[in-house]
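In what follows, a single structure is set out as structure tokens and then discussed.
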Amino acid sequence: MSNRLSHEKSLYLQAHKDNPIDWWPYGSEALNEAKTKNKLIFISIGYSSCHWCHVMERESFSDVKTSNFMNDHFISIKVDRDERPDIDRIYQKMYLDLTGQAGGHPLSIWLTPDSLPIHIGTYYPKKFTWHTKTFISINKEIVNSWSVDKNDLIEVGLGLSRNVDAFNQIVASEIKKIIEGVYDLELNNLEKRYDLKYGGFDFHPKFPRFNILRYLLMEGYDRKLSTLIEFVTMTFYRMTRGGIYDQIGGGLFRYSVDQKWRIPHFEKMLYDNAGLLSTAADLYSLTNDNYVEFIIKDTISFLMREMHGANNLFFSSIDAESNGIEGLYYTWSKKELKQVLGIDYPVAKNRYGIDKLNNFNSKFLFNGVNVLKIKSSVSQLSKQFHKTEQEIVGNLNDIRGKLFRYRLQREKPKIDSKIITSWNAMLITALIKVGEKIDYELASQTAINSLNSLIKHVIHEKGVYRVYESKIPGTLDDYGYLIQSLIHAFEFTSDFQYVKIAGDILNNLDDNLFNKIDEMYYFNEGNGEEIRLIQPFDDSFSSSLSIMIENLFKLGHYLSKSKLIDRGMKIAEKLISNVEKFDGAFNELLISASYYLRPVIEFVYVNSDSILKTSHLKFYLPRRLLYNWSQDDENRPKWEILENRTNVSEPTCYICTGNVCSLPLTDNLSVKAYLDQLQN
């Protein structure tokens, strides 16, 4: 018999509908039931493509004995992290306060009947290990502690809740001037974390951390430090030639469990691939590297083939498992490779480093299998097999095609088809950047089609929805990233309607999430059931609070509202002191705050045609504003910067930095020459 989750739309919640645990979806009904029956609450937070979430579901949540104990003593609530990131972030923050360590998924939370958290953990196994307690044992301990130490546990809950409130107050009250010294400090701190041999940061597990990579590109450009750009390039190569990138089908996996990027956790998330594309677009505009362009197009091909859904929008994730086995779809036995490739096997063996029996072990795969990674370059293979590089490229294309077609015969991992506003907006911005930097029409047209569809389906009278066709309120992620994508669409198309829509969404955001007393955006609305949280840190993707700083700066200029610029500055000044406390956690803040500290290049187009306007797009410009004005278009305001510059009859561009503007530029060559001069 199905439990209450059978009525939910979430793929993750649906996966638990037949558990013997009497699950409730998160909401006032479940929380009130706990109060009425005076029962403890257990909340489990996960998401559909999470491997260890599946493991815990099979081991504990499907076990009748465990479920009977849970049903007797708890109101059990299941939460989809993707639908309710606000709940997840609140308890992840508490887990950090409680343990001093970053959390993960599944996240397990125990609360009093009045919803005070009394214990927080992550994955608990069914069977005893030396590393952690079993799930049933921790539940029995909590039930026993509640019966004998109730007051002490309540104090724990009150303390954790007070910590969140105190953190909010600290973030909202500290003010510090933005100075170049903060940027120097961050560079010095990051340098200590560089992995100079394999790229990236720290050792393992190793995450891409695209916000840090984009920050280093900005600093490399601004400071003319080629070593920073070279480090990002090396990291990009190491990562995308490793097992964390799907060498057969394209697209990035979640993270690497080892230092060398060889063995991934196999879920594919939309936001990770958006981060890859955005970083790659910036890197390409600085290096014109053909390999970077290949990865861009390969990743877009994967996204269009496997994650592009109805209404031109994109699905959220692809599972790590198929047939209940992590990585089964993506890994290969040596015997299988020989069978599929035949005479091409020797080239594949050297290309993908199949020099051992296996490099990926699983308790489900006793003989071991291989995760493919690129070990030998085309030139190395050319010398080794005495073939031209063109012949080797042909061989590699054949190999990839054979393996891809063979892999299609396997059972595919499940796709979570929910449409998340913020993640789609991240991808839209990334695709627009790709369209600009490599003049790739598929990317730019897909972005605009997706944005127009997102506008149609997730915006409502009072704000934005988190999930397409869902009434769940949007978080700051959804507002901030959607506004960012609208601004980028305006800068790419010159259609001022995108700015007007962004302004309307900002008004709703101010009504729902802006605290006028603190002058700060909160992550979630809060409706009496949840604590409200300020979320300033970058993690898997950039903090939307930092994204809003740049959004406010640009909208302040495009809408001619200086108060928005001032607001962005105040938020940045309240966050900037955290840079020295948490290195690597505020890089998006430093990117956005640079708009207030460093020169911004402003393009003023009058009567511009599309050919002239696109001349600047290929340049790497970390800070830019674009004003496009025509006498025939009443939608665009006559910005202050246009003064004495509109009385021209032919398409004209002015490029301004600070208080200095170029002479009228009327052709692409002149625009390019002026930009070249600025960059040298």
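Miscellaneous remarks
- Note on Lys471: aspartates and glutamates with a C-alpha under 16 Å away, same-chain residues under 8 apart excluded, are Glu8, Asp80, Asp82, Glu83, Asp86, Glu461, Glu525.
- Longest exposed-site-free window of the chain, the sites being GluC sites (Glu not before Pro) in a DSSP loop that have at most 12 other C-beta atoms within 10 Å: 1-410
- Straight Cα distances below 13 angstrom link Lys554 to the aspartates and glutamates Glu491, Asp566, Glu602, with same-chain residues fewer than 8 positions distant left out.
- Sparse-neighbour loop sites [trypsin sites (Lys or Arg not before Pro); region 117-168; at most 11 other C-beta within 10 Å; DSSP]: Lys127
- Taking other C-beta atoms within 10 angstrom as a stand-in for reagent exposure, Ile45, Ile248 fall in the order Ile248, Ile45, fewest first.
- Stokes-Einstein diffusion coefficient of region 130-219, Kirkwood radius over Cα pairs, 25 °C, 0.890 mPa s, in µm²/s: 135 µm²/s
- Distance from region 513-585 to region 1-79 (C-alpha centre basis), Å: 34 Å
- Two-site FRET efficiency, Met304 against Lys335, from Cβ-Cβ distance with R₀ of 45 Å, rounded to 0.05: 0.85
- Taking all pairs of distinct alpha-carbon atoms in region 67-212, Kirkwood radius in angstrom: 18.5 Å
- Computed over the chain, the per-residue total of -39500 (n - 2.57) for DSSP H runs of n ≥ 4 gives a 222 nm mean residue ellipticity of -15000 deg cm²/dmol, rounded to 500.
- Rounded to the nearest whole Hz, the Karplus-based 3J(HN,Hα) values (6.51 cos²θ - 1.76 cosθ + 1.60, θ = phi - 60°) of region 50-62 follow the sequence 7, 4, 6, 5, 5, 4, 5, 5, 6, 6, 10, 6, 9, with x at glycine and proline.
- Taking Ser417, Ser542 and counting other C-beta atoms within 10 Å, the order from fewest to most: Ser417, Ser542
- Set Lys334/Lys373; Lys192/Lys260; Lys197/Lys375; Lys456/Lys563; Lys373/Lys618; Lys260/Lys581 screened for pairs whose C-alpha atoms are more than 20 Å apart: Lys456/Lys563; Lys373/Lys618; Lys260/Lys581
- Antiparallel %, DSSP beta bridges [both residues in region 569-680], to 5: 60 percent
- Gap separating the Cα centres of region 637-680 and region 366-416, nearest whole Å: 49 Å
- Checking every one of the chymotrypsin sites (Phe, Trp or Tyr not before Pro) in region 155-263 against DSSP loop status and a limit of 16 other Cβ atoms within 10 Å picks out Phe203.
- Computing FRET efficiency as 1/(1 + (r/R0)^6) for Asn32 and Glu461, where r is the C-beta to C-beta distance and R0 is 41 Å, gives about 0.90.
- In this structure, the residue pairs whose Cα-Cα separation is over 22 Å, taken from Lys9/Lys126; Lys35/Lys150; Lys17/Lys462; Lys35/Lys78; Lys224/Lys574, are Lys9/Lys126; Lys17/Lys462; Lys224/Lys574.
- Antiparallel DSSP beta bridges within the chain, as percent of all bridges there, nearest 5: 70 percent
- Loop-resident trypsin sites (Lys or Arg not before Pro) (DSSP state other than H, G, I, E or B) in region 367-415 with no more than 11 further Cβ atoms inside 10 Å of their Cβ are absent.
- Cα centroid separation, region 325-346 to region 136-189 (Å): 47 Å
- Spatially proximal aspartates and glutamates relative to Lys338 (Cα-Cα < 19 Å; intrachain offsets below 8 disregarded): Asp355, Asp398
- Cysteines not pairable in the chain (beta carbon separation under 4.7 Å absent): Cys653
- By the beta-carbon count within 10 Å of each Cβ, the least crowded to most crowded order of Arg254, Arg598, fewest first, is Arg598, Arg254.
- Fully extending the segment from Lys127 to Gln679 would add 192.6 nm, taking 0.36 nm per residue of separation and subtracting the current Cα-Cα distance.
- The Cβ shell under 12 Å around Leu642 holds other residues with a net charge of 0, Lys and Arg each +1, Asp and Glu each -1.
- Computed over the chain, the P(r) tail beyond 35 angstrom holds 46 percent of alpha carbon pairs.
- Along each principal axis, taking the top coordinate minus the bottom one, the Cα set of region 1-98 gives 32, 31, 26 Å in descending order.
- Charge context of Tyr406, other residues only, Cβ under 15 angstrom, K/R +1, D/E -1: +4
- Net charge over other residues, Cβ less than 13 angstrom from the Cβ of Lys581 (K, R count +1; D, E count -1): -3
Every read-out reported here was derived from the displayed coordinates using simple, explicitly stated rules and does not represent laboratory data. Because the structure is predicted, anything quoted here is derived from the model rather than measured. Cβ atoms come from the backbone with ideal geometry, glycine included; neighbour counts cover every protein chain shown.
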